[in-house]
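Computed from the coordinates by the stated procedures, all read-outs in this text should not be read as laboratory data. Quantities reported herein were computed from a predicted structural model and do not represent experimental measurements. Cβ coordinates were reconstructed from backbone atoms using ideal geometry, including for glycine residues, and neighbour counts include every protein chain displayed.
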């Protein structure tokens, strides 16, 4: 049982690291394609992720949306 659990965690770590590498590659492509707007895009993605995880309140998201 212990071996199976460690195998699952290793697989999860592999997929998490693979996802992180893919996300980094996508970010690099975005920064190459959109030299000037990439900061806004990364900020927006970070805000959406923070809002989904509960770190950013909906009021903050609405305030930033109304600014743009």
query = Which FRET efficiency value, to the nearest 0.05, is calculated for residue 26 and residue 47 with the Förster distance at 22 angstrom and r the Cβ-Cβ distance?
reply = 0.80
ask   = Between residue 37 and residue 12, what length in nm is gained on full extension when 0.36 nm per residue of separation is reduced by their alpha carbon distance?
value = 5.7 nm
